[in-house]
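The values are calculated or read from the model by the stated rules, or taken from the named source; none is laboratory data. Values in this document were obtained by computation on a predicted structure and should not be read as measured data. For neighbour counting, all protein chains shown are included, and Cβ atoms are generated from backbone atoms with ideal geometry for every residue, glycine included. Ligands, DNA and RNA are stripped out before the accessible areas are found, and what is left, the full protein with its side chains, is counted by its heavy atoms. Shrake-Rupley method; radii C 1.70, N 1.55, O 1.52, S 1.80 Å.
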Amino acid sequence: MARRIRLDQIGGYSEEKFEQLLRVTVLETDKRLKEESPVDTRRFRLSWVISENNYIEYDAGPRNGSSGIPPAKRMNYQQEQAGKNYHISNSLPYAESLAGGSSTQAPAGWTERIAREMSDWVRQEAARIARRD
C-alpha cells in the first residue's frame, strides 16, 4: 500500500527523501573514487576527503599497511543536508596526474568516468528510495 502524506507534510517528506539520496550519493561517489584509486603506499587513497561548501586541503601522510577501502572522511560537517554543496577532493600534488592516467593502475579519465556513472546511479537510487514507501 502506498504511503499517505498529508498536504502540509509534503515539503518535509520531500526534503527527507532528497537528503537521503544526497547522503548515499556522496558516500557512494567517495567509495568508488577510493576503490579505483591507484595504490602504492595508500596515501592517495586515504587522502580523499569530503567537505561542505568549500574545498579543503588534506594529506593523510605516508601510509603502508592494511588494505581495503577507508571510511568516508567528512572534514567540516557531520551529515549531508539539502542546500549545501559537497566536494570530494584529493589535494595531493600528484592527484591531477594520477587522474590523467600517469599510473598503469588507473587509465586516463577514470575520475570523469566515475562522475558519468554516478549520474545513472543517482537516477536508479532515487527510484529505489521512492519505491520504499
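Here are a few things to note about the model shown:
- One residue alone among 33, 22 is more than 9 Å from the chain's Cα centre (by Cα) and buried (at least 16 other Cβ atoms within 10 Å of the Cβ), and that residue is 22.
- Those residues of the range 54-79 which are free of Cβ contacts under 8 Å to residues at least 24 places away in the same chain, surrounded by 14 or more Cβ atoms within 10 Å (Cβ to Cβ) and not small (Gly, Ala, Ser), in sequence order: 63
The rows are residues; the columns are (1) modelled with pLDDT of 90 or more; (2) among the charged types (D, E, K, R); (3) more than 20 Å from residue 85 (Cβ to Cβ).
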site: 12; (1), (2), (3): no, no, yes
site: 31; (1), (2), (3): yes, yes, no
site: 34; (1), (2), (3): yes, yes, yes
site: 41; (1), (2), (3): no, no, yes
site: 49; (1), (2), (3): yes, no, no
site: 55; (1), (2), (3): yes, no, no
site: 68; (1), (2), (3): no, no, yes
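- A search for C-beta distances below 6 Å between a residue of the range 91-103 that is over 18 Å from residue 62 (Cβ atoms) and any residue that is modelled with pLDDT of 95 or more and among the β-branched types (Val, Ile, Thr), counting only pairs 6+ apart in sequence or on different chains, returns 99/111.
- Restricting the first member to the range 25-53 and to residues that are free of Cβ contacts under 8 Å to residues at least 24 places away in the same chain, and the second to residues that are open to solvent by less than 30 Å² (accessible area, probe 1.4 Å) and not basic (Lys, Arg), the beta-carbon pairs closer than 9 Å and six or more apart or on different chains are 40/103.
- Residue 8 falls short on exactly one of the conditions (1) open to solvent by 30 Å² or more (accessible area, probe 1.4 Å); (2) touching a helix residue (DSSP H, G or I) at 6+ places or on another chain (Cβ under 9 Å), and that condition is (2).
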